[in-house]
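The values are calculated or read from the model by the stated rules, or taken from the named source; none is laboratory data. On a predicted model such as this, the values are computed, not experimentally measured, just so you know. Because the Cβ atoms are built from the backbone with ideal geometry, glycine has one as well, and the counts that use them run over all protein chains shown.
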Amino acid sequence: MESRKIRNWDGTQTWKPSKVSQPNDEEQIAALIKKAFENQNRIKAIGSALSWSDIIDIPEHVIRLNKMDKVLNVDYDNRQICLQAGALLKNVNEVLAKHRLAFENFGSIVLQTAAGYIATGTHGTGASTPILSTRIQKIRLIDGLGNIHELDAETDPELFSAARVNLGCLGVITEITFECVEAFDLEECLELVNFDTALSDLDTYIKTNDYCKFWWLPYTDRIQVYTFNRTSKPKKGAGFAGFMDQSGLSGLLFSTLITLGRNMPQMVPFLHNTVQNIHYHPHKRVDRSDKIIKVASSIPVHQETEYAIPIEHAARAIDETKRIIYAGDYKVNFPMEVRFVAADDIPMSPANGRNSCYIGAYVGSIKWARNYFRDFEALMHDYEGRPHWGKSFSRTDGEIRKLYPDYEKFNELRKNCDPNGIFRNSFVDRVFPAIRESNH
């Protein structure tokens, strides 16, 4: 296949690999891996290129799983769905709905491939609900020698557990079987709550609702508190705001405001207060669970970093993030997002071993992102924050090792799966540097 440029979602990273392959099956992938080793090339499987971090960094040869994007089986009785790694979550959700099933936890963006979603440990919200990767029942993976593994909790528990958040460096995922739940509707309730009041009531929000998230437009005095609860009420839209979101018009409007604020920084506080007063009003709406959690159809291009911290520190960390924004030599022209996730036992999951609050620091300016992310990451260091693998972060390998008790175990599994380093890229080089391996 002819080489071509590949960009990540926000356009901050561009690659032109020497070879782009779109295999039809596992045998072709295994052959490509073996050929890459023979030619002393590195190879990388990518999904929708939605990542901000260099986890997506593409070396000489890239595999795109566009032709391996099918749902292979839906088993209602056993509440399972088996799908190919390239399946897009937005399509998977539709198939599940047709079979009266759903995922229990889901992110606010559904454009990812299944393999990309689990590789980065992507999450939704729900303080009593862990990330989707915990609901994996089986995984098929092709390692750096071209060997095909079918993994589950019985056959190879250590590798199976690690592969659930695999960082793209254990091998090429080809199939995933997820546990599902019966389909359900959610009622969304949006309240605009005084900033300090929302923080003082945070524990109540997360303990008394099935799902909960906070949005805060910097320089405003209120937090948008979204709560979501299972319901049997009739479906109900969110009026004009719902129409704006579903039609993509809200995304277009917000993109315009981001650009305006970037060109006239002094206007950002005024613009945020105006948007909040005009667009965000208290409301309730009811719909299918994944449709409720999903954000607007059109998302403005922006930059993101996000960290998971112990949930007990959430209120203080949110307040201190506000303080660094107000003190910064930059403007933050995008909402801060706060979500909550239950602890899990996946080695490289940011929620490993602790109930977590994810704080998303987003901004619509590459220039402002540098200093904002620097200040935010320094704050997250104080709370033993673990970075979202698919978003910008600057943590060193030494810092990451201290944050993850199973770092060394995962790295040993990585080296066993990829003894020749053909899955290495800039992300692997900095998270699991080869120089460290040579010193042991």
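Looking only at segment 325-338, decide whether some residue is assigned by TED's automatic domain parsing to the domain that holds residue 377, in contact (Cβ under 8 Å) with a residue 24 or more places away in the chain, under 19 Å from residue 384 (Cβ atoms) and small (Gly, Ala, Ser).
For segment 325-338, residues assigned by TED's automatic domain parsing to the domain that holds residue 377, in contact (Cβ under 8 Å) with a residue 24 or more places away in the chain, under 19 Å from residue 384 (Cβ atoms) and small (Gly, Ala, Ser): absent.
Of the residues that sit in segment 83-136 and are closer than 19 Å to residue 307 by Cβ and small (Gly, Ala, Ser), which one is surrounded by the most Cβ atoms within 10 Å (Cβ to Cβ)?
Among those residues, the one meeting the criterion is 119.
Looking at (1) charged (D, E, K, R); (2) within 19 Å of the chain's Cα centre (by Cα); (3) surrounded by fewer than 22 Cβ atoms within 10 Å (Cβ to Cβ), which is the only condition residue 306 fails?
If we test residue 306 against (1) charged (D, E, K, R); (2) within 19 Å of the chain's Cα centre (by Cα); (3) surrounded by fewer than 22 Cβ atoms within 10 Å (Cβ to Cβ), just (3) comes out false.
Going by the conditions given, is residue 133 of a type in the set (Gly, Ala, Ser) and out of contact with any helix residue (DSSP H, G or I) (no Cβ under 6 Å at 6 or more places or on another chain)?
Criteria not met by residue 133.
Within segment 83-104, count every residue that is of a type in the set (S, T, N, Q), in contact (Cβ under 8 Å) with a residue 40 or more places away in the chain and assigned to a helix (DSSP H, G or I).
Result for segment 83-104: 1.
Please work out which one of (1) crowded, with 19+ Cβ neighbours inside 10 Å; (2) part of a helix (DSSP H, G or I); (3) not basic (Lys, Arg) is the condition residue 158 fails and give its number.
Residue 158 satisfies every listed condition except (1).
If you take the residues in segment 171-203 that are over 22 Å from residue 89 (Cα atoms) and touching a strand residue (DSSP E or B) at 6+ places or on another chain (Cβ under 7 Å), which one is surrounded by the most Cβ atoms within 10 Å (Cβ to Cβ)?
Ranking the candidates gives 198 first.
Return the residue satisfying two criteria in turn: it lies in segment 350-371 and is crowded, with 24+ Cβ neighbours inside 10 Å and of a type in the set (Ser, Thr, Tyr), and of such residues it is nearest to the chain's Cα centre (by Cα).
358
Taking only pairs six or more apart or across chains, which ones have beta-carbon atoms under 6 Å, a first residue in segment 345-372 that is among the polar types (S, T, N, Q), and a second residue that is assigned to a strand (DSSP E or B) and buried (at least 21 other Cβ atoms within 10 Å of the Cβ)?
If the second residue must be assigned to a strand (DSSP E or B) and buried (at least 21 other Cβ atoms within 10 Å of the Cβ), the pairs left are 356/308; 356/341.
If we keep just the residues of segment 1-50 that are buried (at least 16 other Cβ atoms within 10 Å of the Cβ), more than 22 Å from residue 143 (Cβ to Cβ) and polar (S, T, N, Q), which is nearest to the chain's Cα centre (by Cα)?
Out of the qualifying residues, it is 48.
Just to be sure, is residue 125 in the same structural domain as residue 73 (by TED's automatic domain parsing), farther than 19 Å from residue 168 by Cα and at pLDDT 90 or above?
yes
Residue 63 fails exactly one of the following numbered conditions: (1) over 26 Å from residue 370 (Cα atoms); (2) touching a Gly at 6+ places or on another chain (Cβ under 7 Å); (3) of a type in the set (A, V, I, L, M). What is the number of that condition?
(2)
Take the residues in segment 311-365 that are in contact with a strand residue (DSSP E or B) (Cβ under 7 Å, 6 or more places away or on another chain) and of a type in the set (Ser, Thr, Tyr); name whichever of them is nearest to residue 136 (Cα to Cα).
My answer is 356.
For segment 67-82, how many residues meet the condition of being part of a loop (DSSP other than H, G, I, E, B) and either surrounded by 15 or more Cβ atoms within 10 Å (Cβ to Cβ) or touching a residue at least 40 places away in the same chain (Cβ under 8 Å) (or both)?
Residues flagged as part of a loop (DSSP other than H, G, I, E, B) and either surrounded by 15 or more Cβ atoms within 10 Å (Cβ to Cβ) or touching a residue at least 40 places away in the same chain (Cβ under 8 Å) (or both) within segment 67-82 amount to 4.
Which one is surrounded by the fewest Cβ atoms within 10 Å (Cβ to Cβ) among residues in segment 204-216 that are in contact (Cβ under 8 Å) with a residue 60 or more places away in the chain and assigned to a helix (DSSP H, G or I)?
Out of the qualifying residues, it is 207.
Considering only segment 344-361, state which residues are in contact with a Ser or Thr (Cβ under 7 Å, 6 or more places away or on another chain) and hydrophobic (A, V, I, L, M, F, W, C).
346, 359, 361
Taking the residues in segment 237-255 that are surrounded by fewer than 16 Cβ atoms within 10 Å (Cβ to Cβ) and over 23 Å from the mean Cα position of the chain (by Cα) as candidates, determine which candidate is modelled with the highest pLDDT.
237
Can you name the residue in segment 9-41 that is assigned to a loop (DSSP other than H, G, I, E, B) and touching a Lys or Arg at 6+ places or on another chain (Cβ under 6 Å) and, of all such residues, is farthest from residue 304 (Cα to Cα)?
Ranking the candidates gives 24 first.
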